[in-house]
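Since every read-out is calculated from the coordinates, none of them should be taken as a lab result. Predicted model, so just to flag it, every value in this text is computed and none were measured. A quick note on method: Cβ atoms are made from the backbone with ideal geometry, for glycine too, and the neighbour counts reach across all protein chains shown.
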Amino acid sequence: MKRTNSSMQLTRAADYAIRVMVYLATQPADRRILLPTLAEATEAPESFLSKILQALSRAELISSRRGQSGGFAILPRGRQASMHEVIEAIDGPICLNVCLMTERSCSRKVWCPAHPIWAQAQQAMLNVLTGTLIAELASQASAMEEQAAAGSDAASSRPLHAHGKSAS
């Protein structure tokens with residue numbers, strides 16, 4: 001049985017937020033990006049993305065400016081933010097299971113054999129997300145984009161055979 005609605009799945013909003021942050025981090029520091037451009041670059045609906053951008057702005061990860069020279073730009077704090085920080089700015093605290101929420105106490109915690117496994121899994125995930133910075137992802141994205149551009153340049157510069165196939 002294949003299911004795709006797992007509760008352990010990243011929300012669409014958090015996914016878009018990561019995409020936005022990485023995209024903005026690849027842009028020059030003084031450049032502001034308009035909502036339609038961000039929506040196209042991240043493949044996110046504008047109406048949904050505007051709510052995400054508001055949350056990122058409230059978390060002081062990006063700046064927002066209205067008017068002729070308006071748009072969105074990443075702040076230095078946003079560039080150095082971890083994936084964990086961005087996700088929590090959108091969704092709040094990340095928790096694999098209710099028993100791990102700090103404000104709630106699980107009466108089964110003391111004797112439940114699954115509790116330490118949930119705690120270990122959550123800590124491993126948080127370690128990965130906390131250890132991955134937006135600036136690092138942006139650097140990787142830029143490098144991948146350069147490789148793709150170089151690859152398409154190389155492919156287009158190769159001579160074609162009679163049937164439209166490149167000579168390799």
**OP:** Check segment 54-65 and report whether any residue there is within 28 Å of Asn97 (Cα to Cα) and loosely packed, with under 12 Cβ neighbours inside 10 Å.
**Re:** yes
Original post:
Residue check, Leu10 against (1) in a helix (DSSP H, G or I); (2) under 12 Å from the mean Cα position of the chain (by Cα), all met but one. Which one?
Top reply: (1)
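Determine whether Arg108 is of a type in the set (Lys, Arg) and in contact (Cβ under 8 Å) with a residue 12 or more places away in the chain.
In short, no.
State whether one or more residues within segment 94-107 are under 15 Å from Ala14 (Cα atoms) and touching a helix residue (DSSP H, G or I) at 6+ places or on another chain (Cβ under 8 Å). Please lay out each step first, then the result.
Of all residues in segment 94-107, those under 15 Å from Ala14 (Cα atoms) come to 94-95.
Checking the rest, the ones that are also touching a helix residue (DSSP H, G or I) at 6+ places or on another chain (Cβ under 8 Å) come to 94-95.
Within segment 94-107, one or more residues are under 15 Å from Ala14 (Cα atoms) and touching a helix residue (DSSP H, G or I) at 6+ places or on another chain (Cβ under 8 Å).
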Original post:
Taking Ile33 and the conditions (1) touching a residue at least 24 places away in the same chain (Cβ under 8 Å); (2) in contact with a helix residue (DSSP H, G or I) (Cβ under 9 Å, 6 or more places away or on another chain); (3) surrounded by fewer than 17 Cβ atoms within 10 Å (Cβ to Cβ), which numbered condition does it fall short on, given that it satisfies the others?
Top reply: (3)
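Give segment 49-92 a look and list any residue that's polar (S, T, N, Q) and within 20 Å of Gln140 (Cβ to Cβ), or say none. Full working, then the answer.
First, the residues of segment 49-92 that are polar (S, T, N, Q): 50, 54, 57, 63-64, 68-69, 80, 82.
Once the filter is applied, which keeps residues that are polar (S, T, N, Q) and within 20 Å of Gln140 (Cβ to Cβ), segment 49-92 yields Gln80, Ser82.
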Original post:
Considering only residues of segment 41-89 that are in contact with a Phe, Trp or Tyr (Cβ under 6 Å, 6 or more places away or on another chain) and of a type in the set (Gly, Ala, Ser), which is nearest to Ala29 (Cα to Cα)?
Top reply: Ser64
